[in-house]
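Undergrad: Could you have a look at this structure, given as structure tokens, before my questions?
The values are calculated or read from the model by the stated rules, or taken from the named source; none is laboratory data. None of these values were measured; they are calculated from a predicted model. All Cβ positions, even for glycine, are placed from backbone atoms using ideal geometry, and neighbour counts span all protein chains on display.
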Amino acid sequence: MRRIFKISLAATAAVILASSCEKEPEYTLKTLSFEGSSWDALVDDPQYGGELLYGEYDEANFTYLGTDYGWYDQGNTELASELCENYGSKVYWNGGHAVSNYTDQAATTDYTLQLAIPLSGGHSGSNFCVHNGFKSEYSKNVGYFYFKDGVGRVIESMYVTNTSYYLGTVEALAGADDWTKVTATGYDAAGTVTGTSEFYLTENGQSINAWTLWDLTGLGSPVKVEFDITSSIQNEYGMAAPGYFAYDDVTVRM
């Protein structure tokens, strides 16, 4: 009996030792910070109607001709984004993600200052990105980013803040119970939802006005992430809150 007990104890100890030696999957954290000369070149001037985000203006038809604007964090996070297409044209007002360095702009109702924030800089450095777009009966386009190499990965987090145009408009309209939130939806390569995560730009009538961490691990390991904005702030045409937010320092497990 003693001998059997000793063998059993040794086997149990071996199992415990083996379990303790198991390691978590190894990965490297990479951060998309939008810094450097190649990113600087993606900042449009003027903020509204510039050729980078809108293309040439067709005076005969009173419209912009569109552009192939996009970005790709090649060799780092592998995240990329392009403008949304509508009626065969890619223009920032259709939805998309634009690199910006417009800062220190007080809250405003001027939509032409759409790429500005009231802060002194990005979460790190001078550059950041501005999302535009929300789903409505008039458009199903929303801004997005994706892994251009087609590999699904965990996106740990990013920092978010409100734009000056959003704050100025919402301050004039929001009541004590109003809210605006961003919903991130992750998709795999087949288009199946991998997870969702929500972030409030305004809650109980109060809007964020600082770089704030958004945990995105709930998205799983998506290949693509879409960002939609919904709000209780409405008028006769639908959502009255501008469909913008700024983000920076997207951290990815590689």
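Undergrad: Within region 131-147, take every residue that is touching a helix residue (DSSP H, G or I) at 6+ places or on another chain (Cβ under 9 Å) and surrounded by fewer than 24 Cβ atoms within 10 Å (Cβ to Cβ) and give me the one that is nearest to TYR187 (Cα to Cα).
TA: Filtering region 131-147 down to residues touching a helix residue (DSSP H, G or I) at 6+ places or on another chain (Cβ under 9 Å) leaves 132-133, 139, 141.
From what's left, surrounded by fewer than 24 Cβ atoms within 10 Å (Cβ to Cβ): 139, 141.
Working: SER139: 20, ASN141: 15 Å.
Among them, the one singled out is ASN141.
Undergrad: Okay, next question. Which one of TYR138, TYR102, TYR146 is closer than 14 Å to LEU42 by Cβ and of a type outside the set (A, V, I, L, M, F, W, C)? Give the derivation first.
TA: Details: TYR138 fails: closer than 14 Å to LEU42 by Cβ; TYR146 fails: closer than 14 Å to LEU42 by Cβ.
Just one listed residue meets the conditions, TYR102.
Undergrad: With respect to LYS140, determine if the residue is modelled with pLDDT under 95 and more than 27 Å from ASP110 (Cβ to Cβ).
TA: Details: modelled with pLDDT under 95: yes; more than 27 Å from ASP110 (Cβ to Cβ): yes.
For LYS140, the condition - modelled with pLDDT under 95 and more than 27 Å from ASP110 (Cβ to Cβ) - is met.
Undergrad: Here is a further query. Tell me, which strands (runs of 3 or more DSSP E) wholly within region 166-252 include 1 or more residues that are basic (Lys, Arg)? Step through it out loud before you land on a result.
TA: On the way: elements: 180-187, 193-203, 212-215, 224-231.
Correct list: 180-187, 224-231.
Undergrad: Which residues, counting only those in region 201-210, are within 11 Å of THR163 (Cα to Cα) and buried (at least 16 other Cβ atoms within 10 Å of the Cβ)?
TA: Residues satisfying the conditions are LEU201, SER207, ILE208.
Undergrad: Now for a separate question. May I ask you to say which residue of THR103, THR180 is in contact (Cβ under 8 Å) with a residue 24 or more places away in the chain and not small (Gly, Ala, Ser)?
TA: Details: THR103 fails: in contact (Cβ under 8 Å) with a residue 24 or more places away in the chain.
Criteria check complete, one pass: THR180.
Undergrad: When you go through (1) without any contact (Cβ under 8 Å) to a residue 60 or more places away in the chain; (2) crowded, with 22+ Cβ neighbours inside 10 Å; (3) not aromatic (Phe, Trp, Tyr) one by one for VAL160, which number turns out not to apply?
TA: (1)
Undergrad: Name every residue in region 43-71 that is outside any loop (DSSP other than H, G, I, E, B), within 20 Å of VAL130 (Cα to Cα) and either touching a Lys or Arg at 6+ places or on another chain (Cβ under 7 Å) or of a type in the set (D, E, K, R) (or both), in order of residue number.
TA: The answer is GLU51, and nothing else.
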